[in-house]
Each structure stands twice: as C-alpha cells, then as structure tokens.
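Q: Quick one: the structure is below, and I'll ask about it shortly.
The values are calculated or read from the model by the stated rules, or taken from the named source; none is laboratory data. Please read these numbers as outputs of a predicted model, since none were measured by experiment. Positions of Cβ are generated from backbone atoms using ideal geometry, with glycine treated the same way; all protein chains shown enter the neighbour counts. Note: accessible area is taken over every heavy atom of the protein model, side chains too, but ligands, DNA and RNA are not part of it. Shrake-Rupley method; radii C 1.70, N 1.55, O 1.52, S 1.80 Å.
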Amino acid sequence: TLEVVTESPLREGAPVTFRATATDPGGDTLSYLFFFNNGIDPDVVAEDVNGTGAQTASFTYDNEGVYRVRLQVFDGTDYTELEDYFSVSVENAPPEISLDAPVAPVLEGSEIRITGTISDPGNDRLTLRWDVGADDRIEAEAIGEDGVIEFSFIAPDDGEVNGQATVRATVVDSADAE
C-alpha cells in the first residue's frame, strides 16, 4: 500500500512524505522504488533491511499540479507494482517577502529607501505593489523577480500624517496568491 503522510494541503516547494508497506511471503529483503514525477526512472530507492515491511520517502514538487505516484517493490527476484497510480494534488504556495526599513526618524521631504527580498516556492512571476502614506495616497507598482528589491519615496510633508507614515508591500504571484 502507498499513502501520503504529510498533512494537507500539499504545497509546491515543500516536501511531501509518503509511506509504503509491503510483505514478502519468502521473507526476502524488499527494495522500494518510488516514482514521484511521472517518470520512467525511480526518484527514490529504499531498502527494507530491517524487515519492517514499511519505508518512507520524501519528494518536493516544484510547481502546483496533479502528479501520479507509482510504487514498485522488488524482492531480488520479482517486481510487484501497484495496480493503480496514486495521485497527489499539489497547491500553489504564496510568495514570501522580507523588508528592511529604517527605524530612525526621517525628516519630512527626505528620501526613504526600503530594501528586502521576495521569493516564490514555485518560481512564479511576481508583482510587487507598494502603498505609501496616510490613507494609501501614494502608490507605486514594480514587477520583481526572486531576489533583492528596492523602493524609495519622499517622506510626506503635510500635517495630516502626524509624524508617521505607513508603508505596505504586497507581493502577488502569477496564480494570484498573496
């Protein structure tokens, strides 16, 4: 038998663990061949040298989609293959953003520079949107790819901000995950 051990949802870029169990009437050492990526060659080969009848294997899917998983078990003489393919559905994972902004006071009218990194487990195209100022009055959009990002703006010079400005960055991947 073959089952998914990892709890749902299964996400791109994160390992998925599978457990296979089999027995051999002759008590031979079993080799487990896991095919995770619809391929001809096995992605993982594991041996049951302890005679437990079970093996686990992990695989990381790079993108969302439905994948067929196949298991072959070999006892040194014969291959046994599961009659049905086991399908797993892998979901899109949201992109990640990390920002480094100044924490020291900034004078009105001064340039403020914000740097950081953006990434996406599925390497999707990313759109980065910046909202700056009270009530999101100033907006700028930038298209980014995985890696370092930079954004700068002039500190607002009006009495309505009360000495503080909010900067919000939203990154969205091509599958609309935030």
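Q: Please name all residue pairs, on different chains or six or more residues apart, with Cβ atoms under 6 Å, provided the first residue is in the stretch 9-26 and is under 25 Å from residue 175 (Cβ atoms) and the second residue is at pLDDT 90 or above and of a type in the set (Asp, Glu).
A: 9/91; 11/91; 12/64
Q: Can you name the residue in the stretch 113-150 that is open to solvent by less than 30 Å² (accessible area, probe 1.4 Å), at pLDDT 80 or above and more than 18 Å from the chain's Cα centre (by Cα) and is also nearest to residue 101 (Cα to Cα) among such residues?
A: In this case the residue turns out to be 114.
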